[in-house]
Amino acid sequence: MARLLLARLFHAAVVGAIVATSVFLLLQFAPGDPFATALDGADVPSTVRAEWRARYGFDRPPGERFLRWAQALAHGELGYSASRHRTVAAVVADAVPRTLLLVGTALALGFAAGIGIALLQVRHHQRWPDRLLGALTLLGVALPEFLLALLAMTWLGARWRLFPVAGIGGLGDPAAWPLWERALDLLWHLALPAGVLALAVAARVARHQRAALLQVMHEDFIRTARAKGLGEWDVLRRHALPNAIGPVIALLGLALPSLVGGAVLIERIFGWPGMGLTLFDALLARDYPLVLAAVLMATLLAVVARTVTDVIADVVAPRRVRER
Amino acid sequence: MSTLLAVEGLCLDAMREASASPTSILRDVSFSLREGETIGVLGASGSGKTSLALSLLALLPPGIMARGRITFEGHEMLTATRGARRTLRGRRLSMVFQEPLSALNPRQRVGAQVAEVAQAHGERNAVRARRAAVEMLGRVGLADADRLAQRFPHELAGGERQRVLLAAALLLDPALLVADEPTSALDVTVQAQVLQLLRAQQRERGMALLLVSHDLGVIATTCERTVVLYDGRLVEDAPTRQLLRSPEHAHSRALVDAIRPAERAE
């Protein structure tokens with residue numbers, strides 16, 4: 001386990017360096033800089049523009065700027081966000097927990113629901129519950145997330161007024177709100193974005209889990225379990241599922257990083273101020289230090305996700321470790 | 001002794017989607033088994049003997065249609081409800097399979113795989129179920145059963161695995177044990193040991209045994225009576241000693257001759 005973690009740490013460092021370098025390079029090809037919208041008007045004297053750019057080091061050649069940025073990063077400095085008028089570290093520290101809350105809730109709900117759906121389908125294989133749920137999960141996979149999001153917004157949010165359609169809540173003076181009321185308000189705002197993401201996850205998980213379960217149901221040890229007098233639910237839960245969960249855990253490893261990025265769309269639609277929305281706004285504002293930090297953070301999360309998945313796989317499927 | 005198991009006019013047909021006519025696996029098979037009796041089902045591969053064994057526990061895979069009657073302790077196995085079959089399996093009639101490795105769950109410790117038989121039949125106390133499992137593992141000749149119960153199937157030897165399966169099958173003291181080629185996948189020396197254990201347990205418990213094998217040698221040393229299956233039909237039903245002395249059907253004769261090459265030469 002220690003060797004695995006150490007290897008992953010090294011892996012994270014290498015990938016992080018490659019990603020940071022390539023993003024920095026790509027940004028050099030993009031037109032404009034953080035001052036483009038604010039300063040590049042006809043009414044601003046060119047001396048003023050040059051002075052501001054010099055103050056933030058944008059008059060230097062790209063190579064030197066990269067080295068300076070990397071050096072600062074090594075000291076834990078992420079820079080200053082011109083569009084937010086705060087340090088990048090403060091912006092990221094606000095946004096990361098919100099994204100983790102959104103994605104974590106969506107994954108937990110989505111995986112639980114998806115595995116449950118698959119178990120139900122296999123329990124009633126080729127009868128109507130299987131067919132109905134199969135059609136629904138296919139629909140869930142096929143529907144684009146933004147469409148689901150808009151449907152949820154229109155009906156659950158606007159028509160029936162069950163949930164707020166945007167934001168994260170907690171407006172006004174925090175001191176006036178008791179802690180549990182603020183938490184409840186946060187969950188209330190979380191319902192739609194997390195629900196839509198969870199539906200998309202559940203549909204994919206259910207289809208993978210069903211296929212994996214059906215394959216295992218042909219194994220000899222399933223027959224043994226039935227010969228022991230176990231009920232079908234126990235056969236599924238105790239024997240089929242532990243042997244069919246591997247592919248779905250691998251799916252978690254793939255889904256986590258893409259969800260951190262894929263949440264951009266959902267965060268944008270529902271105005272959820274997490275890393276996705278931060279990255280989106282930072283790109284529009286050409287806030288390079290913030291873009292770089294957001295991309296680095298996503299890379300870090302991806303590597304952490306892979307490590308967590310490996311650890312889960314080891315716990316759920318002990319044989320894999322022992323054979324290694 | 002009263003009749004424990006009666007098979008009457010059993011026909012098994014495999015339904016294949018492609019062809020309109022089903023393939024026949026077993027045709028009109030009838031025999032019965034008394035309490036405590038040992039019977040061997042002898043046949044070449046493809047004679048339908050494994051399907052026969054599975055049908056006794058109503059464990060046939062979907063797509064195989066069964067006709068006829070299988071009566072075990074007064075229960076109609078082919079028409080019984082799911083719940084009725086479930087309460088019989090593992091408690092009144094058990095089964096051990098040919099491939100001990102694939103018949104065990106690779107992700108579960110072997111002790112738990114034995115203990116869950118008790119848990120499936122009403123034992124709520126996990127500690128008591130575990131203790132019973134460890135004790136049974138010891139009784140089927142596994143040394144250091146307490147530690148062995150903590151292992152996974154792939155960490156055991158072939159003979160040990162088959163003993164684990166036997167422990168699970170015998171845990172609740174069934175009236176009938178169905179053994180489908182229980183020694184075919186094992187080394188020759190281990191084969192003899194497992195067979196000996198099977199015989200000892202049968203005698204000790206006074207349990208009935210239905211032993212399926214292609215090997216007349218295995219059946220001859222274990223079973224009082226033998227039925228011979230040939231191409232889905234039951235062609236002979238005789239005491240094993242009589243079968244060995246004067247087999248009636250041509251196929252039985254061929255099987256008997258096969259293990260007596262020296263005598264034939266005389």
Residue ranges of helices (runs of 4 or more DSSP H) in segment A:20-135 with at least 1 members within 30 Å of A:Gln209 (Cα to Cα), in the same structural domain as A:Met217 (by TED's automatic domain parsing) and not small (Gly, Ala, Ser): A:88-123
Determine if segment B:141-150 includes at least one residue that is free of Cβ contacts under 8 Å to residues at least 60 places away in the same chain and within 25 Å of B:Leu59 (Cβ to Cβ). no
Note on segment B:108-125: residues at the interface with chain A (Cβ under 7 Å from one of its Cβ atoms) and within 18 Å of the chain's Cα centre (by Cα) are B:Val117
Let me confirm something: among B:Leu243, B:Leu229, B:Leu198, B:Leu209, which residue is over 19 Å from B:Ala53 (Cα atoms) and crowded, with 22+ Cβ neighbours inside 10 Å? B:Leu243
Got a sec? Which of A:Asp281, A:Asp314, A:Asp220 is surrounded by fewer than 20 Cβ atoms within 10 Å (Cβ to Cβ) and within 30 Å of B:Leu172 (Cβ to Cβ)? A:Asp220
Among the listed residues A:Ala106, A:Ala95, which satisfies the condition of being buried (at least 21 other Cβ atoms within 10 Å of the Cβ), closer than 24 Å to A:Ala285 by Cβ and within 16 Å of the chain's Cα centre (by Cα)? A:Ala95
Using the structure shown, decide if B:Thr71 is over 20 Å from the mean Cα position of the chain (by Cα), away from chain A (no Cβ under 13 Å) and surrounded by fewer than 17 Cβ atoms within 10 Å (Cβ to Cβ). no
So the helices (runs of 4 or more DSSP H) completely within segment B:126-184 holding 2 or more residues that are under 16 Å from the mean Cα position of the chain (by Cα) and of a type in the set (Gly, Ala, Ser) are B:158-170
From B:Glu160, B:Glu155, B:Glu224, which residue is more than 21 Å from B:Leu104 (Cα to Cα), surrounded by fewer than 23 Cβ atoms within 10 Å (Cβ to Cβ) and of a type in the set (Asp, Glu)? B:Glu224
Top-ranked residue in segment A:169-198 [being buried (at least 20 other Cβ atoms within 10 Å of the Cβ) and among the hydrophobic types (A, V, I, L, M, F, W, C); ranked as nearest to A:Ala112 (Cα to Cα)]: A:Ala198
Give the number of residues within segment A:140-160 that are in a loop (DSSP other than H, G, I, E, B) and either among the β-branched types (Val, Ile, Thr) or at pLDDT below 85 (or both). 0
Have a look at A:Phe35, A:Phe24, A:Phe58 and point out the one that is more than 32 Å from the chain's Cα centre (by Cα) and either under 14 Å from A:Tyr288 (Cβ atoms) or among the aromatic types (Phe, Trp, Tyr) (or both). A:Phe58
Kindly evaluate A:Ala166 against the criterion of being outside any helix (DSSP H, G or I) and in contact with a Phe, Trp or Tyr (Cβ under 6 Å, 6 or more places away or on another chain). yes
Quick one: in segment B:79-102, which of the residues that are part of a loop (DSSP other than H, G, I, E, B) and closer than 11 Å to A:Lys228 by Cβ is nearest to the other protein chains (Cβ to nearest Cβ)? B:Gly90
Please enumerate the residues belonging to segment B:17-45 that are outside any strand (DSSP E or B) and in contact (Cβ under 8 Å) with a residue 24 or more places away in the chain. B:Pro22, B:Glu35, B:Gly36, B:Glu37, B:Gly43, B:Ala44, B:Ser45
Show the residue pairs meeting these rules: Cβ distance below 9 Å; 6+ apart or different chains; first residue within segment A:5-26 and without any contact (Cβ under 8 Å) to a residue 60 or more places away in the chain; second residue assigned to a helix (DSSP H, G or I) and small (Gly, Ala, Ser). A:Ala17/A:Ala70; A:Thr21/A:Ala70
Which one is nearest to the other protein chains (Cβ to nearest Cβ) among residues in segment B:52-68 that are hydrophobic (A, V, I, L, M, F, W, C) and assigned to a strand (DSSP E or B)? B:Ile64
Failed item, numbered, when B:Asn105 is tested on (1) surrounded by fewer than 17 Cβ atoms within 10 Å (Cβ to Cβ); (2) within 12 Å of chain A (Cβ to nearest Cβ); (3) part of a loop (DSSP other than H, G, I, E, B): (1)
Would you check which residues across segment A:284-294 are aliphatic (A, V, I, L, M) and crowded, with 21+ Cβ neighbours inside 10 Å and list them? A:Leu290, A:Val291, A:Leu292, A:Ala293, A:Ala294
Looking at this structure, is A:Gly276 of a type outside the set (A, V, I, L, M, F, W, C), surrounded by 21 or more Cβ atoms within 10 Å (Cβ to Cβ) and either away from chain B (no Cβ under 14 Å) or part of a helix (DSSP H, G or I) (or both)? yes
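Let's see how each residue does on (1) among the aliphatic types (A, V, I, L, M); (2) in the same structural domain as A:Ser22 (by TED's automatic domain parsing); (3) closer than 24 Å to A:Val141 by Cα:
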{"site": "A:Leu213", "(1), (2), (3)": "yes, no, yes"}
{"site": "A:Pro242", "(1), (2), (3)": "no, no, no"}
{"site": "A:Leu254", "(1), (2), (3)": "yes, no, yes"}
{"site": "A:Leu265", "(1), (2), (3)": "yes, no, yes"}
{"site": "A:Leu290", "(1), (2), (3)": "yes, no, no"}
Enumeration of residues in segment A:163-190 that are aliphatic (A, V, I, L, M) and modelled with pLDDT under 90: A:Val165, A:Ala166, A:Ile168, A:Leu171, A:Ala175, A:Ala176, A:Leu179, A:Ala183, A:Leu184, A:Leu186, A:Leu187
Note on segment A:221-231: residues at the interface with chain B (Cβ under 8 Å from one of its Cβ atoms), within 17 Å of B:Ala58 (Cβ to Cβ) and not polar (S, T, N, Q) are A:Arg223, A:Ala225, A:Arg226, A:Ala227, A:Lys228, A:Gly229, A:Leu230, A:Gly231
Let me spell it out: the conditions are (1) surrounded by 18 or more Cβ atoms within 10 Å (Cβ to Cβ); (2) more than 21 Å from B:Pro182 (Cβ to Cβ); (3) within 20 Å of the chain's Cα centre (by Cα), and B:Pro100 meets all of them except one. Which number is the exception? (2)
Residue match in segment B:78-86 (condition: touching an Asp or Glu at 6+ places or on another chain (Cβ under 8 Å) and either buried (at least 20 other Cβ atoms within 10 Å of the Cβ) or closer than 15 Å to B:Ala6 by Cα (or both)): no
Please work out which residue is modelled with the lowest pLDDT, limiting yourself to segment A:251-273 and to residues that are surrounded by fewer than 23 Cβ atoms within 10 Å (Cβ to Cβ) and of a type in the set (Val, Ile, Thr). A:Val264
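The values are calculated or read from the model by the stated rules, or taken from the named source; none is laboratory data. Everything quoted here is computed from the prediction, not taken from an experiment. Methodologically, a virtual Cβ is constructed for each residue, glycine included, from the backbone with ideal geometry; neighbour enumeration extends over all protein chains shown.
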